[in-house]
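A quick write-up on the structure given underneath.
What follows draws every value from the coordinates through simple rules; no lab data is involved. Because the structure is a prediction, the values reported are computed rather than measured. Note: ideal-geometry Cβ built from the backbone for every residue, glycine included; neighbour counts use all protein chains shown.
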Amino acid sequence: MKLSNSFAALPSTFFTRLMPTPLPAPYLVAASGPAAALIGVDLTDIAHGSLLEVFAGNRIIPHSQPLAAVYSGHQFGVWAGQLGDGRAILLGEIPANGTHDVASTIELQLKGSGMTPYSRMGDGRAVLRSSLREFLCSEAMVHLGIPSTRALCVVGSNHRVMRESPETTAVVTRMAPSFVRFGSFEHWFYQDKKSELKILADYVIKGFYPDLRYAQNPYFSLLAEVTKRTAHMIAYWQAVGFMHGVMNSDNMSILGLTLDYGPFGFMEAFDANHICNHTDQQGRYSYRMQPEIGHWNCYALAQALLPLIGDVEEAQAALSTYTSEYTSKYDHLFHEKLGMKMHLPGDSALFDDLFTLMQNNRIDFPLFFRRLGELQLDNPGGDEELRNLLIDRPAFDAWAISYRLRLKQENSKDEERRLSMHAVNPKYVLRNYLAQIAIEKAQNMDFSETQKLLAILEKPFDEQPENTHYAQLPPDWADQLEVSCSS
């Protein structure tokens, strides 16, 4: 492997150069074949070769120039001041798919690789539990078709750190074209450093939005494009029932990627007010609030970019696209989820009635949409598997009558619709209890469940009849699981 590091070419105020803290006696916990293929890495080299030491933080590839980046941000809506990579170190970037264009490179970042100047009293380590959750979810999201950072591998160690109790440590190697965040821009705005703000914006535009260099106002165009990407990303989240859990502005990617997997969750028993983060006592980042918070974060970015954009009305114009972009993408995704090819008057009311039904009955989100694909237009008697997900079955019957009538308006065909719906409604998602089972086995040095779960999540839309039990309703004990910012 040969790494370069374009971010390291920025002024030294943007980061601190430092080496990862070595991880004692490292061993491979899990690795993603598709992620490795993006950068031409062989999984055997990670498991048994020198790359294991690289991804443990014990060996540095020449020319990688490791660093921890500084940024700031709003956390739970409150300005938190300077933050930064408190337990992450950027190794550098590598061409993707054999190309050598800057925009086609992938950065490699070690998360859990030791203290940095931005650790804020933390130890800079990540535990196996949180590392496996991030590894599995980021890869699962990619295979669901949702814009996301990726995870190459998890390297573990028997070295322990204290959390709520002593836990073994791990390092997850994260991958993304860039890890620049909204908070990276906020950092310079709130320090009144327009020169640094411009340097960062120009770096992002040149490397990742090169077409914007020729716009009349590149910074306006940057805000508009990031706003659009963010709106689309969150529409994808809502459509699959994903909840991020901690949508702070420092966790928002300037590329519109799902970034920083901590207390995330996938919707099971539907509740629009569900809070997946036990730390979020006020429900700021509930499922229902995610679209609004995405818009709020874009406003925070607009504030930071205002000195470059130069005009408040222009910034507002760029932000004004958020609602229409989100609504359009969301509407398109839900038409697909319900097998509708046409957009007709009354569709929104049908959707609203469906979510009222789901809310009142706490219907399992992935199971319902998957089973809905099996609905037959002229066979209401075949709806039993769907009806069994509800307490109020007559209410479903009433909605299903409207749904069937709507499908007949576009001459929908059962088999064609089934295939199209199964292609967008996953059978398999990373339910919390599945992650917990894999974590508990891994904590006892059994990594087989992690690799099996990863393989299932790489094909979330396939039937995989041998793995159907991974798509069933969660067991009763799963209700007791909680995740927080420490997860």
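A few remarks follow.
- Extension gain for Ala25-Asn97 works out to 22.7 nm (0.36 nm per residue, less the C-alpha to C-alpha distance).
- Placing +1 on the Cβ of every Lys and Arg and -1 on the Cβ of every Asp and Glu, with no other charges, gives the chain a dipole of roughly 960 debye about its Cα centre.
- Set Lys337/Lys408; Lys111/Lys194; Lys228/Lys329 screened for pairs whose C-alpha atoms are more than 19 Å apart: Lys111/Lys194
- Rg over Rh, two decimals, segment 331-487 (C-alpha only, Kirkwood Rh): 1.02
- Taking one quarter of the surface of the convex hull spanned by the alpha-carbon atoms of segment 402-473 gives a direction-averaged projected area of 6.0 nm².
- Fully extended contour minus Cα-Cα distance, from Asp397 to Arg213, at 0.36 nm per residue: 60.7 nm
- Kirkwood Rh in Å, taken over all unlike Cα pairs in segment 432-480: 11.6 Å
- Segment 1-142: projected area of the alpha-carbon convex hull, averaged over directions, in nm²: 9.5 nm²
- Within segment 438-463, backbone nitrogen closer than 17 Å to the virtual label 7 Å beyond the Cα of Leu419 toward Cβ: 461-463
- Counted residue by residue at 0.36 nm each, then reduced by the alpha carbon distance between them, the extension gain from Asp476 to Lys206 reaches 92.1 nm.
- At R0 = 30 Å, FRET efficiency that the Cβ-Cβ distance of Trp296 and Ser6 yields, to 0.05: 0.50
- Computed from the C-beta positions of Tyr190 and Met115, the FRET efficiency with R₀ = 25 Å rounds to 0.55.
- Amide N of segment 243-282 lying under 16 Å from the label point, which is placed 7 angstrom from the Cα of Arg362 along Cα→Cβ: 267-276
- Karplus-based coupling profile of segment 368-376, in residue order and whole Hz: 4, 5, 5, 6, 4, x, 8, 4, 10, with θ = phi - 60° in 6.51 cos²θ - 1.76 cosθ + 1.60 and x standing for Gly or Pro.
- Loop-resident sites, segment 62-140, for trypsin sites (Lys or Arg not before Pro), counting at most 15 other Cβ within 10 Å (DSSP): Arg120
- For the chain, a Kirkwood hydrodynamic radius built from all Cα pairs, placed in the Stokes-Einstein relation at 10 °C and 1.306 mPa s, yields a translational diffusion coefficient of 67 µm²/s.
- Computed over the Cα atoms of segment 183-333, the ratio of the radius of gyration to the Kirkwood radius (Rg/Rh) comes to 0.99.
- Between segment 422-482 and segment 24-92, the alpha-carbon center distance in angstrom: 25 Å
- Square roots of 5 times each gyration tensor eigenvalue, C-alpha, segment 247-301, largest first, Å: 20, 12, 11
- Span per principal axis, largest first, for the Cα atoms of segment 1-77 (Å): 40, 33, 28
- Simple spin-label estimate for Asp331 and Ala317 gives 2.4 nm between the two label positions (7 Å along the Cα-to-Cβ direction from each Cα).
- Remark: spin-label model distance Leu344-Ala455 equals 4.4 nm, labels positioned 7 Å along the Cα→Cβ axis.
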